[in-house]
1. Please determine, by comparing only the residues of the stretch 349-378 that are within 28 Å of ASP105 (Cβ to Cβ) and of a type in the set (S, T, N, Q), which one is most open to solvent (accessible area, probe 1.4 Å).
2. Can you find, within the stretch 508-536, the residue that is farthest from TYR600 (Cα to Cα) among those that are within 27 Å of the chain's Cα centre (by Cα) and among the β-branched types (Val, Ile, Thr)?
3. Would you mention how many residues in the stretch 148-183 are under 30 Å from ALA52 (Cα atoms), touching a strand residue (DSSP E or B) at 6+ places or on another chain (Cβ under 9 Å) and not aliphatic (A, V, I, L, M)?
4. Kindly indicate whether any position in the stretch 159-176 is in contact with a His (Cβ under 7 Å, 6 or more places away or on another chain) and at pLDDT 95 or above.
5. Which number in (1) surrounded by fewer than 23 Cβ atoms within 10 Å (Cβ to Cβ); (2) part of a strand (DSSP E or B); (3) among the polar types (S, T, N, Q) marks the one condition that GLN335 misses?
6. Looking at (1) in a strand (DSSP E or B); (2) open to solvent by 30 Å² or more (accessible area, probe 1.4 Å), which is the one condition that is false for SER320?
7. Please tell me if ASP79 is within 26 Å of the chain's Cα centre (by Cα) and farther than 24 Å from GLY204 by Cα.
8. State whether one or more residues within the stretch 287-294 are touching a strand residue (DSSP E or B) at 6+ places or on another chain (Cβ under 8 Å), within 13 Å of THR268 (Cα to Cα), β-branched (Val, Ile, Thr) and surrounded by fewer than 18 Cβ atoms within 10 Å (Cβ to Cβ).
Amino acid sequence: MRSSSALGWAMGVGALFGASLAATAAGTATATATTAAAAAPLREYRSVAITAGGERIAAIESDAGAPGQRPHARIVVRDVASGKLMAEHDPCAACSYDFPSWSPDRQSLAFIAADAQAGTATLWVVRGGQPAAAATVQGVANTARWSPDGSRIAMLATVGAKKQTGAVEAGERLVGEIGVNEDAQRIAIVPGGGGAARLVSPQGTYVYEYDWTPDGKGFIATSAQGNGDNNWWVATLGHVDAASGALRIVAALKMQMSLPHVSPDGRTVAFVGGLMSDFGSVGGDIFTVPFAGGEPVDVTPDFAGSFNGLAWKGAGLLASSLQGDSMTVVAVDPQARSTRTLFSSAVTANGSRDGRIVFSADGSAAVSVFETWEQAPYIAAGRLADLARRTRDNDGAAPQVAARSISWTNEGYRSQGWLVGPRQPQAGRKHPMVVIVHGGPASAATPRYVGAGDTANPLVRELVERGYYVFQPNPRGSYGQGLAFTAANRRDFGGGDWRDILAGVDAAIAQAPIDGGRLGLMGHSYGGFMTMWGVTHSTRFKAAAAGAGIANWISYYGQNGIDQWMLPFFGATMYDDPAVYRKASPIESIKDARTPTLIYVGERDVETPAVQSMEFWHGLKAMRVPTALVIYEGEGHAIRKPAHQLDQRRRTVGWFEKYLKP
């Protein structure tokens, strides 16, 4: 199940019924509240890249659009030292862009433009300041990477794709014979000067991640046979020969693997491994394995955090990690199995597919996009000890909320979370609080800037503006506290993780003027399941909103398109151990439900099919519990359409206003 931070709902969830949208709650405590019309548009940054020598950066940048509109982005090149804009590239006004990549000689820039209307993906190369189309694929493509000598460019291509890449995207319509002619994402090679894309990796094998080997003769990749949405959890680590396309298995593990890279001497593969609930939501320890094959070794045992990026720098590794409430850069000595922290800050970092923080070739410089609850996104770059602000586009975006990190201990586990509220609470007033449970479960709630109006994180902004506190806990099962903590809710969904959340609610109430009698609960994906679980196992919450949740793990097992993810978390298939699935099913306790619950889901959700939300809605109605169900047409697990995001937020805020106001 997908991390909420990666979902469209997190960027625009919610909704409000009727005239209550126009009404501001009496006595709202946000002194800096600003109307959407008065809010300046925010600059958005993503997929940053840095040249090998650390002189220039490239990023996909856009200005936040108006509510209900999706902004168009462009490729922007900046000077690292000053952040000065040097060039902009936007060769396709109808396209979205992916993963800019600098050539080894620092002179050229490659990126992919996807034209959803035409159903094509074009590889563009910028030389001498001018972009030129190098190759076009009928289908979808992503992740362009230059060969070590700069003579070729590889990318991941799905020719004739039936859907967008990834399980969170809307699934193809289930008509006719299903389960045949699956999409296959393959490695393709294009000459550096342009030409036809040659598919290299084996037909029928879905490649998830890849990188060139240092000699340029092949690739290290994670891949699996069959359906790409479903089989990442059983992917193997392998070498693909660039000439023949032959696949040699390097390691087949009972863990999830991400970010594979080969050492400069070609002898060792490093990757992040652990218990991960979704492709793209990365967290775990760093493992190494001989390139020739062998048994992987954990080179960061007992590390008190979750790695989410890595790169070879000589015989050592540079890695980014989440440790408690902070993003860090860590130097790793794989031989000594030791770590040394080089940078730490309580920010959310967003880099690229290579990790949360992206490094230059020698590791002396780095770039990322930083933000906090109170500070709008900006590009940070420079030497590792001093990643300084390099963009000033969002300097005028004032803080709208006050946030604090809260830690608590429950049953021997130390958890962390974020409490967000008004900057100037009114003396003597008790506020309602909404608890938002992240997706995953292997994920984490981290800071996201709350902007004025609808410019950024509007759900949290609107709740705080109306007088609510918002609490986002990271209970056991989350990233940020080490591999054992992430695995601590295995075969125990709704057990220790739920008790950690309740203990976190108590910790939040102890630190802020919160009315413990007016609590709301919500979440999406795993957070949606936990919301369904919460309202069937507690009467502490007076209103709830469950997005893309799971009501019945027994029926879910045969309905979803990603059943392979369940084996690492439940330890067996539903057919072999139905008791553990039934024990974790909220529908088994539906007679105990009392909390008014709003439910929403995408019509074509592959990960948590709409029938799960229907089953829970039907149960609540049978118990005469106030409920409403909204199914968003054409949407997948991630709610993408801006109009749907806006409607979602209005409904969510309206639901809490109805049941949590005095």
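The values are calculated or read from the model by the stated rules, or taken from the named source; none is laboratory data. Since we're looking at a predicted model, the values are computed, not measured. When we count neighbours, we look across all protein chains shown, and the Cβ atoms used for this are built from the backbone with ideal geometry, even at glycine. Heads up: the accessible areas ignore ligands, DNA and RNA and are worked out on the full protein's heavy atoms, side chains in. Shrake-Rupley method; radii C 1.70, N 1.55, O 1.52, S 1.80 Å.
1. ASN350
2. Only one residue tops the list, namely VAL535.
3. 6
4. Looking through the stretch 159-176, none of the residues is in contact with a His (Cβ under 7 Å, 6 or more places away or on another chain) and at pLDDT 95 or above.
5. Failed condition: (2).
6. (2)
7. no
8. no
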